[in-house]
Amino acid sequence: MSALTQKPPGYRSVFAPGLLARRVVVVTGGGSGIGRCTAHELASLGAQVVLIGRDSAKLQDTAGEILLDCAGAGGHASFHACDIRQEAAVRSVVTAIVAAHGRIDALVNNAGGQYISPLENISAKGWQAVLDTNLTGGFLMARECYVQSMQAHGGAIVNIVADIWGSMPGMGHSGAARAGMVSFTETAAVEWARSGVRVNAVAPGYIASSGMDHYPLEAGPMLREMRDTVPAGRFGNEAETSAAIVFLLSPAASFISGTVLRVDGARPQVRMGWGQVAAPVAAQGRDAVKPFEGFHRYVTPRVFAGDGPHPNPLPHAGEGA
């Protein structure tokens, strides 16, 4: 087998092999970024992953990767194209998943999207589009998974939100939607506990994922400078976010519900007057805080392409590793 066709190494999860064997897990936004990475890790642990998204080609590519990489672990992937903003479509796709697999054990509500804009420039249509994707779509997916399966069988839900502590200037539509999803998480955790369902959220901070490639080129300098405001001194990566999601779906989190697990390197705690807060490169390399690079198919976002050969944009170019 040539180097060009050789199968890449498998996902390097910190969790025990077979942890999620035969669990049926739905991942929305599974064709790229954090959703794609999470789907790979879930499958590497034996889960039967069902990818949801609007782009069939991306979903098919991710499912193909998983089938190639995770067959030995018992993992499997299938996919359904669905616009989660459409109530009838969500109801139909959840019905199809239950018919195919018999149940849904877990849902990762990852699909989302937003764009950079000051509030005064956001139209009603743009505002509604972001709320429909980041809040209403997540609610519809969770409700249908609960009504059609989890109410009878139990399960776990993880909603992906964002660093909304201090709100989101420049993305007020997304901040409002994500704050609503936090409230929904807390409410669902109470209302659905009687059915043996846990509902939590993961709030990624500055994560170097493929989602950054959707921002305009002129946003590049701002994105590259954001790491200087993170006490950890770097961006997080997709695998570090996925690990938090998997933990909340695992039996180890059986008494955790209604909470938000932040993955942000202490970014929300930064206050004016502290001056330079980012950890120096030497500190970034210490075992407790150096990046966990578990995803074997991770690709650096294009906005960081000039930052050197390191697969994760950690230090500035020229600073070393």
Looking at this structure, is A106 touching a helix residue (DSSP H, G or I) at 6+ places or on another chain (Cβ under 7 Å), within 20 Å of N159 (Cα to Cα) and of a type outside the set (S, T, N, Q)? yes
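For (1) in contact (Cβ under 8 Å) with a residue 60 or more places away in the chain; (2) among the aliphatic types (A, V, I, L, M); (3) in a helix (DSSP H, G or I), each residue gets a yes or a no:
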site	(1), (2), (3)
V49	no, yes, no
L59	no, yes, yes
L67	no, yes, yes
A71	no, yes, yes
A77	no, yes, no
H80	no, no, no
R85	no, no, no
A89	no, yes, yes
Just one listed residue, out of S167, S174, S149, is more than 21 Å from V93 (Cβ to Cβ) and in a helix (DSSP H, G or I), and it is S174
A careful count of residues in segment 102-138 that are among the aromatic types (F, W, Y) and outside any helix (DSSP H, G or I) gives 1
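Condition check ((1) on the phi > 0 side of the Ramachandran plot; (2) of a type in the set (V, I, T); (3) modelled with pLDDT under 90; (4) buried (at least 20 other Cβ atoms within 10 Å of the Cβ)) across all residues:
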position: E120; (1), (2), (3), (4): no, no, yes, no
position: K125; (1), (2), (3), (4): no, no, no, no
position: Q128; (1), (2), (3), (4): no, no, no, no
position: E144; (1), (2), (3), (4): no, no, no, yes
position: Q148; (1), (2), (3), (4): no, no, no, no
position: N159; (1), (2), (3), (4): no, no, no, yes
position: G166; (1), (2), (3), (4): yes, no, yes, no
position: A176; (1), (2), (3), (4): no, no, yes, no
position: W192; (1), (2), (3), (4): no, no, no, yes
Restricted to segment 99-118 and to residues being exposed (fewer than 15 other Cβ atoms within 10 Å of the Cβ) and modelled with pLDDT of 95 or more, the residue nearest to V199 (Cα to Cα) is G102
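Conditions (1) polar (S, T, N, Q); (2) more than 17 Å from I245 (Cβ to Cβ); (3) under 17 Å from the mean Cα position of the chain (by Cα), marked per residue:
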residue	(1), (2), (3)
S174	yes, yes, yes
A179	no, yes, yes
E186	no, yes, no
A203	no, no, yes
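Determine which member of the set A321, A278, A282, A317 is among the small types (G, A, S), touching an Asp or Glu at 6+ places or on another chain (Cβ under 6 Å) and modelled with pLDDT under 80.
A317
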Of all residues making up segment 28-76, the number that are among the basic types (K, R) and surrounded by fewer than 24 Cβ atoms within 10 Å (Cβ to Cβ): 2
In segment 183-213, which residues are part of a helix (DSSP H, G or I), in contact with a strand residue (DSSP E or B) (Cβ under 6 Å, 6 or more places away or on another chain) and β-branched (V, I, T)? T185
Output for segment 199-216, where each listed residue is of a type outside the set (A, V, I, L, M) and modelled with pLDDT of 75 or more: N200, P204, G205, Y206, S209
What are the residue pairs meeting all of these: first residue in segment 217-239, first residue in a helix (DSSP H, G or I) and modelled with pLDDT of 90 or more, second residue among the charged types (D, E, K, R) and buried (at least 24 other Cβ atoms within 10 Å of the Cβ), Cβ atoms under 8 Å, and 6 or more apart or on different chains? E238/R36; A239/E41
Looking at segment 68-98 only, could you name the residues that are at pLDDT below 95 and closer than 18 Å to V24 by Cβ? C70, A71, A73, G74, G75, H76
Just one of the numbered conditions (1) surrounded by fewer than 18 Cβ atoms within 10 Å (Cβ to Cβ); (2) at pLDDT below 80 is not true of F304; which one? (1)
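The values are calculated or read from the model by the stated rules, or taken from the named source; none is laboratory data. The structure displayed is predicted, hence computed values, not measured ones. Neighbour counts run over all protein chains shown; Cβ positions are idealised from the backbone, glycine included.
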